[in-house]
Amino acid sequence: MRSDVCLVQDTEAVYYATTRKSLIMLQTTLLTCCLMLVTSQHVFINEVPNDESIKPKPMLYPRESLSREIKDLNGLWNFRADVSPSRNEGFVEKWFEAPLAKTGAVIDMPVPSSFNDVTQSRTLRDFVGWVWYDREFYPPAGWKSPNVRVVLRFASAHYNTVVWLNGMSVMTHEGGHLPFEADITDSIVYNQANRITVALNNTLTPTTLPPGSITFQTDTKNYPPGYFVQNVQFDFFNYAGIHRSVQLYTTPSVYISDITVTTDINSDSGVVNYKILYGGTLKESLKSTVVLQDAQGETVAESNSLAGKFTITNAHLWWPYTMSEQPGYLYTLKVSISCASSYDEYHLPVGIRTVSTTNKQFFINEKPFYFHGVGKHEDADIRGKGLDLPLIIKDINLMKWLGANAVRTSHYPYSEEFMDQCDRHGIVVIDESPGVGITKARNMGNVSLVHHLSVMMEMYQRDKNRPSVVMWSVANEPASTIPQAVFYFGSVINFTRSLDPTRMVTFVMGGGSTPSEEKVAQWCDVLCLNNYFSWYTNSGHLEVIELQSNSSFWEWHLLFNKTIMQTEYGADTIPGLHMDPAQMFTEEYQCDMLAGYHKTFDNLRHNFLTGELIWNFADFMTEQSVKRVVGNKKGIFTRQRQPKAAAHLLRRRYQQLSENTVKY
């Protein structure tokens, strides 16, 4: 973990300065794991140091129970950006040793939120480097007990994060979008205020995920001294901050540390396989109870074993929205463990369903499933990518209004609160990693690979029990045609598949990939294609869409003999702009473009096409560019979630597809 990262000027890029050995150790262990997991028909990794393979870090989502409490630390935190030329003044002067307000001027910053858009400062909006947060809290007196374990958890912070408690370092984390936590039982102080300090760096380099680079300008005639810009390799704004909730939660000293559930169906019976791990020092014999309850709270199965299998006759299966009158059915797995001095319980939602594919179709519960849904972003006015519960509920309601049954978490894992809603409402999820913009050979070296594998492990650990997640996407539009991609993505895909053989694994191919040049698609369970006929190619020529999309689909299918999904298609559209005949950027053009694609989809969805996801659900912010007018306008909804004409067109289509879907 890069806890002492700073900006160091170089003629070409920024490099992370670090003295820590942990990154090297993690690299060797991850590569060793790859060697063990990659199969003979795929990719081999040579010259790997002999070290232990990596192990997942158990991390259950905080849920209150009879044995667990949660203290929310969201709210207004003190905040300041390190604007020193090196961006490293905070570490040199040890800002973490005292309240942040004593180190210089601070402002209020809402947590969770991105810091970029909440002030009127252009400097802060575009800031690159270290920013600092702190706040105080009082631990409940009842937590001061030898049988209480206290954990500090961050659901997401972007990008590199270092955390101190009362001036002592308690954890570091590399990467955004995923949770990290630390046991602070021995660090917390009772009967007084405790101070949490956070340093966070949003700099993107060739080895981060997503990658980027820094360009320094040394021409002082045209640029101020020390001038540099962050280059991104993706088309959305590099929002940064403590993006999701910060919480303290407690467990007993002997506690449930992890639960893994997989499900199956056997005729009319549902099968729930479970495995439970516990943590802490056990000095007495351990007793356990595992109860599976239906949605009405009735017990349908029970066991006293930490690992086992339940078979439920006439089980209620987890069905996608549009495939059932009762979609998203969830059981509850209630787990408790106890010994003479400790008792812990945890309640896990469980959906019983299976996932499989053939070369022409995708199946859920052994029935054909056709994805019709959206690609989207976590993005909104003011809060940027910060957790916004009203917006999550609005987006779920809009997706159901459309008749959408699926979503791709483009291009990073979404919040656990959003994923909960997908589980509950039957919205099928393609869970995508932050592997967007891997477009250069320098983004595919060993350091990058180590980090990518670590991210896939964290994603799996967080979302492995979610019935809505049916497929892992390891990347979006990478350079999958260059020689380095074989080693890199072969390793990532096979590592992910080894973690979770119950779900499909894929990556999303961009319009620049051609079947004959493609080097990675052979390892995907589903071919996911992004293309923009009549937009980025043959701009303005709607007449080519049907012919070119049809030809492209057939070429991919005939070469790789796999089922295919359209994961992106669309057109930038300025709301309220109209022309007849339609021209680019008008609402009419967006509708005509979608309709052109729909003709091809209708021709192929009974053959080998397994889904269609619009790009994009709603307009979103990007870096400033002559190609973007205050962001990307490909949304069928505005950034404020108001419908464009295309939203109504898509609603009619999705509702018709839903009406023609067999209900179970």
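The values are calculated or read from the model by the stated rules, or taken from the named source; none is laboratory data. Source: prediction; values computed, not measured. For neighbour counting, all protein chains shown are included, and Cβ atoms are generated from backbone atoms with ideal geometry for every residue, glycine included. When the accessible area is computed, the model is the full protein with side chains, heavy atoms only, and any ligands, DNA or RNA have been set aside. Shrake-Rupley method; radii C 1.70, N 1.55, O 1.52, S 1.80 Å.
Every residue, every condition in (1) under 28 Å from Asp592 (Cβ atoms); (2) among the hydroxyl-bearing types (Ser, Thr, Tyr), yes or no:
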position: Gln522; (1), (2): no, no
position: Leu527; (1), (2): yes, no
position: Tyr536; (1), (2): yes, yes
position: Trp554; (1), (2): yes, no
Margin query: Looking at (1) of a type in the set (Phe, Trp, Tyr); (2) in contact with a strand residue (DSSP E or B) (Cβ under 6 Å, 6 or more places away or on another chain); (3) in a loop (DSSP other than H, G, I, E, B); (4) more than 18 Å from Thr203 (Cα to Cα), which one does Phe127 not meet, given that it meets all the others?
Written below: (4)
Margin query: Residue under question is Thr197, and the condition is that it be over 30 Å from Asn476 (Cβ atoms) and within 28 Å of the chain's Cα centre (by Cα); does it hold?
Written below: yes
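To keep it simple, each residue is scored yes or no on (1) assigned to a loop (DSSP other than H, G, I, E, B); (2) surrounded by 13 or more Cβ atoms within 10 Å (Cβ to Cβ); (3) in contact (Cβ under 8 Å) with a residue 40 or more places away in the chain.
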{"position": "Ser288", "(1), (2), (3)": "no, yes, yes"}
{"position": "Gly297", "(1), (2), (3)": "yes, no, no"}
{"position": "Glu302", "(1), (2), (3)": "no, no, no"}
{"position": "Ser305", "(1), (2), (3)": "yes, no, no"}
{"position": "Leu317", "(1), (2), (3)": "yes, yes, yes"}
{"position": "Tyr321", "(1), (2), (3)": "yes, yes, yes"}
Check: Of all residues in segment 385-405, how many are under 20 Å from Glu612 (Cβ atoms), charged (D, E, K, R) and open to solvent by 20 Å² or more (accessible area, probe 1.4 Å)?
Finding: 1
Next item on the list: Specify which of the listed residues (Pro413, Pro368, Pro390) is in a loop (DSSP other than H, G, I, E, B) and either within 26 Å of Trp319 (Cβ to Cβ) or of a type outside the set (A, V, I, L, M) (or both).
Entry: Pro413
Notebook entry, point to check: Of (1) within 24 Å of the chain's Cα centre (by Cα); (2) open to solvent by less than 60 Å² (accessible area, probe 1.4 Å); (3) at pLDDT 95 or above, Asp72 satisfies all except one. Which?
Noted result: (2)
Check: Can you name every residue in segment 84-124 that is assigned to a loop (DSSP other than H, G, I, E, B) and either of a type in the set (Phe, Trp, Tyr) or touching a helix residue (DSSP H, G or I) at 6+ places or on another chain (Cβ under 9 Å) (or both)?
Finding: Ser84, Ser86, Thr103, Gly104, Val106, Phe115, Asn116, Asp117, Val118, Thr119
Next item on the list: Just one of (1) closer than 30 Å to Asn476 by Cβ; (2) open to solvent by 20 Å² or more (accessible area, probe 1.4 Å); (3) of a type in the set (Ser, Thr, Tyr) trips up Ser336, so point out which.
Entry: (1)
Item checked: Set Ala105, Ala98, Ala141, Ala157: member being in contact with a Gly (Cβ under 8 Å, 6 or more places away or on another chain) and open to solvent by 10 Å² or more (accessible area, probe 1.4 Å) -> Ala98
Item checked: Matching residues in segment 482-525 - criterion: being over 30 Å from Val261 (Cβ atoms), at pLDDT 95 or above and among the hydroxyl-bearing types (Ser, Thr, Tyr) -> Tyr488
Check: If Gly328 satisfies every condition in (1) small (Gly, Ala, Ser); (2) under 25 Å from the mean Cα position of the chain (by Cα); (3) open to solvent by 20 Å² or more (accessible area, probe 1.4 Å) but one, which is the exception?
Finding: (3)
Check: If you take the residues in segment 346-365 that are among the hydroxyl-bearing types (Ser, Thr, Tyr) and outside any strand (DSSP E or B), which one is farthest from Gln326 (Cα to Cα)?
Finding: Thr358
Notebook entry, point to check: Given the structure, is Gly270 in contact with a strand residue (DSSP E or B) (Cβ under 6 Å, 6 or more places away or on another chain) and at pLDDT 95 or above?
Noted result: yes
Notebook entry, point to check: How many residues, within segment 549-603, are open to solvent by less than 40 Å² (accessible area, probe 1.4 Å), farther than 17 Å from Gly511 by Cβ and acidic (Asp, Glu)?
Noted result: 1
Notebook entry, point to check: Looking at Met399, Met456, which is the one that is free of Cβ contacts under 8 Å to residues at least 60 places away in the same chain and not polar (S, T, N, Q)?
Noted result: Met456
Note to self: For segment 62-120, give me the residue count where each residue is under 30 Å from Glu345 (Cβ atoms) and not acidic (Asp, Glu).
What the structure shows: 13
Notebook entry, point to check: Just wondering, is there one or more residues in segment 529-541 that are open to solvent by less than 60 Å² (accessible area, probe 1.4 Å), outside any loop (DSSP other than H, G, I, E, B) and within 22 Å of Val486 (Cβ to Cβ)?
Noted result: yes
Check: Only one of these conditions is not met by Val470: (1) open to solvent by less than 10 Å² (accessible area, probe 1.4 Å); (2) farther than 22 Å from Thr357 by Cα. Which number is it?
Finding: (2)
Note to self: Residue under question is Asn443, and the condition is that it be in a loop (DSSP other than H, G, I, E, B), at negative phi and polar (S, T, N, Q); does it hold?
What the structure shows: no
Checklist line | Condition met for Leu317 (among the hydrophobic types (A, V, I, L, M, F, W, C) and in contact with a strand residue (DSSP E or B) (Cβ under 7 Å, 6 or more places away or on another chain)) | finding: yes
Next item on the list: Quick one: in segment 148-166, of everything that is assigned to a loop (DSSP other than H, G, I, E, B) and modelled with pLDDT of 95 or more, which residue is nearest to Thr215 (Cα to Cα)?
Entry: Ala157
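This table checks each residue for (1) in contact with an Asp or Glu (Cβ under 7 Å, 6 or more places away or on another chain); (2) of a type outside the set (Gly, Ala, Ser); (3) over 14 Å from Val470 (Cα atoms).
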residue	(1), (2), (3)
Ser324	no, no, yes
Leu333	no, yes, yes
Ser338	no, no, yes
Ile352	no, yes, no
Val355	no, yes, no
Pro368	no, yes, no
Arg383	no, yes, yes
Leu389	yes, yes, yes
Asn397	no, yes, yes
Next item on the list: Taking the residues in segment 490-520 that are among the aliphatic types (A, V, I, L, M) and either under 26 Å from Asn538 (Cα atoms) or outside any helix (DSSP H, G or I) (or both) as candidates, determine which candidate is farthest from the chain's Cα centre (by Cα).
Entry: Val520
Next item on the list: Quickly run through segment 175-231 and pick out the residues that are hydroxyl-bearing (Ser, Thr, Tyr), crowded, with 21+ Cβ neighbours inside 10 Å and closer than 28 Å to Pro99 by Cβ.
Entry: Thr197, Thr203
Margin query: Considering only residues that are outside any loop (DSSP other than H, G, I, E, B), under 17 Å from Leu200 (Cα atoms) and touching a Pro at 6+ places or on another chain (Cβ under 9 Å), which ones fall in segment 213-252?
Written below: Gly241, Val246
Check: Within segment 258-279, restricting attention to residues that are in a strand (DSSP E or B) and among the hydroxyl-bearing types (Ser, Thr, Tyr), which residue is most open to solvent (accessible area, probe 1.4 Å)?
Finding: Tyr278
Notebook entry, point to check: Among the residues of segment 246-253, is any surrounded by fewer than 16 Cβ atoms within 10 Å (Cβ to Cβ) and among the hydrophobic types (A, V, I, L, M, F, W, C)?
Noted result: no
Check: Which of the residues spanning segment 504-523 are open to solvent by less than 10 Å² (accessible area, probe 1.4 Å) and β-branched (Val, Ile, Thr)?
Finding: Val505, Thr506, Val508, Val520
